[in-house]
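The values are calculated or read from the model by the stated rules, or taken from the named source; none is laboratory data. Remember, predicted model here, so these are calculated numbers, not experimental data. Here the Cβ positions follow ideal geometry from the backbone for every residue, glycine too, while neighbour counts run over all protein chains shown.
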Amino acid sequence: MTQRSFDERDIHLALDGELSPEDMAAYEAWLETRADMRALSARYVSDRALLRDTLATLAREEVPQRLQEGAHSASRKTKGARHMPLRRLAVAAVMLVAAGAAAGFWAGQQGFGGGETLAALDVVGEAVAAHQVYAAEKLHVVEVGASERSHLVGWLSNRVGTRLVAPDLQAEGFDLMGGRLLPSGGKAAAQFMYEDPSGERVSLYVAHCVKGETTGFRLFEDEGGRAFYWQEEGFAYTVAGAISEKRLLEIANVTYRQLLAGR
Amino acid sequence: MDGKKKAIVGEIPGLRRYARALLRDADAADDLVQDCLERAFSRLDNWQTGTSPRRWLFTLMHNLFVDGVRARKRRSELVSGAAVDMRASVSAPEQNGMLDLRDVLDALQEISPERRAAILLVGVEGMSYAEAADVLDIPTGTLMSRVARGRQDLRDILDLARRRRILKAVE
């Protein structure tokens, strides 16, 4: 296979789900070698999250009466129609976009069944990076808040393709803030974020990984990021946070038990 | 007919978000949505049941946006002079570098309308390049470069806005 070369343009294509699974894998490898491009990519991801999160409040507003009335009065004066341009018709017939796709990174397992699956250790690296990016956010930590817990869990389970549980960590002093959908290799990953009263944050990250032997907890440490992870049935589970090893392990234990019980 | 209408009404929240992000002014945005709905209901037969009305509606609205951009601009200047509607703004406490809905809407206004529409349709409304290019009636390659340039613009504008925020907090 001829390797195509990548440049800054591909950051946008990758972000918008416009790379083929093969190109996506090669792109990821390229990105791995380019710290500047990784930073740029992370920046665009966070800008997009800011846009989505702030504008999401607009879509949740109640629709003003005049618009509803406008719809009624207009429907009364409905008249015969011109024809839709053929090109549009053809495209419309092919494309079916659920409103939910507004949340869309490249489409989890449904859209890209053959998407690249990462090794467990790579997934953990992503999990720690995702924790550092989003735990540092003040206003836009999550995409869907804890107030919509059941929707959040259902949606992420659906997109990631396994039955997820948002663990209850209240006994450990952490409250669920919410979660978000993230890209991982060519597939979808889920992140649940928690916060304690002092503002410390921990996250659970679940993503596909290459099926290996089921493992116990392993510790991952990297430049201030710390995580415990385990893998099971083609999924890697990572609990990340900048808290003591002992406390993080307790949380990982509780999370593991609850995920097991929820299945 | 009733099913079609319901499907269209279901798209109103997304249309309002897009209109508001395009125009910033809440009343001007709702005027645009209302015009779009009126046009949609008068051309209902153009939309085939079984397909999502979403792209069709966004296309109608975008054409109205382009047609009326000057007239609406005059009107929105008057409106925003009288009272700025910020009901929906996140009541964020003043913190260094933190941006709220108003900042984001302001930042979007500083981007050219073409690039603004491109990053909103792809980044916020979740459309593919092919869909967004179809809505905007431009080649995919053009859309691609508008997305890339729009994101660069947004990054620079947000950096400036954050810096201004920090300066304000320091004063």
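Among the listed residues A:F174, A:F217, A:F228, A:F192, identify the single one that is among the aromatic types (F, W, Y) and surrounded by fewer than 22 Cβ atoms within 10 Å (Cβ to Cβ). Even if it seems obvious, please write down each step before you answer.
Numbers: A:F174 fails: surrounded by fewer than 22 Cβ atoms within 10 Å (Cβ to Cβ); A:F228 fails: surrounded by fewer than 22 Cβ atoms within 10 Å (Cβ to Cβ); A:F192 fails: surrounded by fewer than 22 Cβ atoms within 10 Å (Cβ to Cβ).
It is A:F217.
Of the residues in region A:19-40, at least one is at pLDDT 90 or above, more than 8 Å from chain B (Cβ to nearest Cβ) and closer than 23 Å to B:V104 by Cβ.
Scan region B:12-53 for residues that are under 14 Å from the mean Cα position of the chain (by Cα) and at the interface with another protein chain (Cβ under 8 Å from one of its Cβ atoms) and report the count. I'd like the intermediate steps shown before the answer.
Pass one, region B:12-53, residues under 14 Å from the mean Cα position of the chain (by Cα): B:12-33, B:36.
In the following step, the residues that additionally are at the interface with another protein chain (Cβ under 8 Å from one of its Cβ atoms) were identified as B:12-14, B:16-17, B:20-21, B:30, B:33.
Residues meeting the conditions: 9.
Scan region A:38-49 for residues that are more than 14 Å from the chain's Cα centre (by Cα) and not polar (S, T, N, Q) and the total you get is 6. Hey, any hits in region A:122-141 for a residue that's at pLDDT 90 or above, among the hydroxyl-bearing types (S, T, Y) and surrounded by fewer than 17 Cβ atoms within 10 Å (Cβ to Cβ)? No; the residues of region A:122-141 include none that is at pLDDT 90 or above, among the hydroxyl-bearing types (S, T, Y) and surrounded by fewer than 17 Cβ atoms within 10 Å (Cβ to Cβ). For region A:142-171, the set of residues classified as assigned to a loop (DSSP other than H, G, I, E, B) and surrounded by fewer than 16 Cβ atoms within 10 Å (Cβ to Cβ) consists of A:R163, A:D168, listed by residue number.
Take A:S203 and decide whether it is in the same structural domain as A:G154 (by TED's automatic domain parsing) and touching a residue at least 60 places away in the same chain (Cβ under 8 Å). Here the answer is yes, as A:S203 does meet what is asked.
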